[in-house]
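Some notes on the structure that comes next.
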Amino acid sequence: MKSNSEGIVMEKMISIKNLNKIYKAGSVEVHALKNINLEIDYGEFIAIMGHSGSGKSTLMNILGCLDKPTDGQYLLDGISISKQKPDELSLIRNKKIGFVFQAFNLIPRTNVLKNVELPMIYAKTKPSQRKQRALELLEKVGLTERIHHLPNELSGGQKQRVAIARAMANNPPIILADEPTGNLDTQSSIEIMELFTNLHKEGNSIIVVTHEPDIAEYADRVIVFKDGIIIEDRRTERGCLK
């Protein structure tokens, strides 16, 4: 939990109660998430695991306000997501959530600096402030010397560093990372997870979806899905040391 300026304890960062997600494919219904109950505190580092079809990606889409539950409650920073209109959800995503994807999703013909500035353009940040913020973030991820390069001039690990800097642009309370090391070699994967670890130490909330057990162990808490339900919710060795 966290407290506001008056010292009043606020709700959990994420609170999910009796959440279900059902997809319809013709006459067939697929129950992707089944009566999920989950709470995540401010400042937690979470790993979500599960095989393909387990429900973890569906949950990620709901957490990221890219999809809505069929029924049940999802509160994000005290906001009931199911009650929000599409334009309101877009605003929530831009202010409260930074996304990092396996495929990086950088704009190919736009240099590193402009890629990082993009979320701030949507947020209508002043150009001078955008550039200063982007430069600070690129320094944080160790890419100061690459700001004028295009994405195709970068390694996979460097592309992901740009994606992380972009995700941090509007200083969102949550970073959602969907298989962030899936396209990276072992050394680059370690470097990216150490970067997430450092961001977490600075107070950021990190939620990583991964199928790799060694990547999950960077988190403080691992939540495992199978057939649309949570079958395990445990503290990692790293989490137990805190």
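Arrange the peptides 13-20, 62-69 so that the one whose residues have, on average, the most other Cβ atoms within 10 Å appears first. Each step should come with its number before you reach the end.
On the way: 13-20: 17.8, 62-69: 19.5.
Going from most to least packed, we get 62-69, 13-20.
Please name whichever of Ile223, Asn94, Ile192 sits farthest to the positive end of the charge dipole of the chain, dipole taken about the Cα centre and charges placed at Cβ: Lys and Arg +1, Asp and Glu -1.
Sorting the options by dipole projection puts first Asn94.
Using θ = phi - 60° and the Karplus relation 6.51 cos²θ - 1.76 cosθ + 1.60, list the HN-Hα couplings for segment 217-230 in order, rounded to whole Hz, with x at every Gly or Pro.
Karplus-based 3J(HN,Hα) across segment 217-230 equals 6, 6, 7, 8, 8, 10, 10, 10, 10, 8, 6, x, 10, 7 Hz.
Taking Lys140 as the anchor, which aspartates and glutamates have their alpha carbon closer than 16 Å to its alpha carbon, excluding any fewer than eight residues away along the same chain?
Straight-line reach from Lys140, under 16 Å: Glu117, Glu191, Glu194, Glu202.
What does the charge dipole of segment 163-242 about its Cα centre add up to, to the nearest 20 debye, if the Cβ of each Lys and Arg holds +1 and the Cβ of each Asp and Glu holds -1?
So the dipole magnitude of segment 163-242 works out to roughly 360 debye.
Working from Cα positions, state the angle (0 to 90°, nearest 10) between the long axis of helix 186-201 and the longest principal axis of the chain.
80
For the chain, build the charge dipole from Cβ charges (+1 Lys, Arg; -1 Asp, Glu) around the Cα centre, then report which of Gly64, Ala103, Pro127 sits farthest towards its positive end.
Pro127
Which trypsin sites (Lys or Arg not before Pro) from segment 109-169 combine a DSSP loop assignment with at most 12 other Cβ atoms within 10 Å?
Details: sites: Arg109, Lys114, Lys124, Arg130, Lys131, Arg133, Lys140, Arg146, Lys159, Arg161, Arg166; in loops: Arg109, Lys124.
Those satisfying the criteria are Arg109, Lys124.
Mind checking which lysines have their Cα closer than 22 Å to the Cα of Lys68? Skip sequence neighbours fewer than 8 apart in that chain.
Partners within reach: Lys12, Lys17, Lys21, Lys24, Lys34, Lys56, Lys83, Lys85, Lys95, Lys96, Lys226.
Please report the relative contact order for the chain, taking Cα pairs under 8 Å with a sequence separation of at least 6, and give it as a percent rounded to a whole number. All intermediate terms of the calculation are to be shown ahead of the outcome.
On the way: 468 pairs, mean separation 62.7, N = 242.
The normalised contact order for the chain reaches 26 percent.
If you average 1/r across every pair of different Cα atoms in segment 84-242 and take the reciprocal, what Kirkwood value do you get, in Å? Numbers along the way, then the final one.
Numbers: mean 1/r = 0.0608 Å⁻¹.
Mean inverse Cα-Cα distance, inverted, gives 16.4 Å.
Using Cα pairs under 8 angstrom and six or more residues apart, how large is the relative contact order of segment 58-191, in percent?
33
A short reminder: the numbers here are calculations on the coordinates, not readings from a lab. What you see is a predicted model; the values in this text were computed from it and never measured. Glycine also receives a Cβ, built like all others from the backbone with ideal geometry; neighbour counts cover every protein chain displayed.
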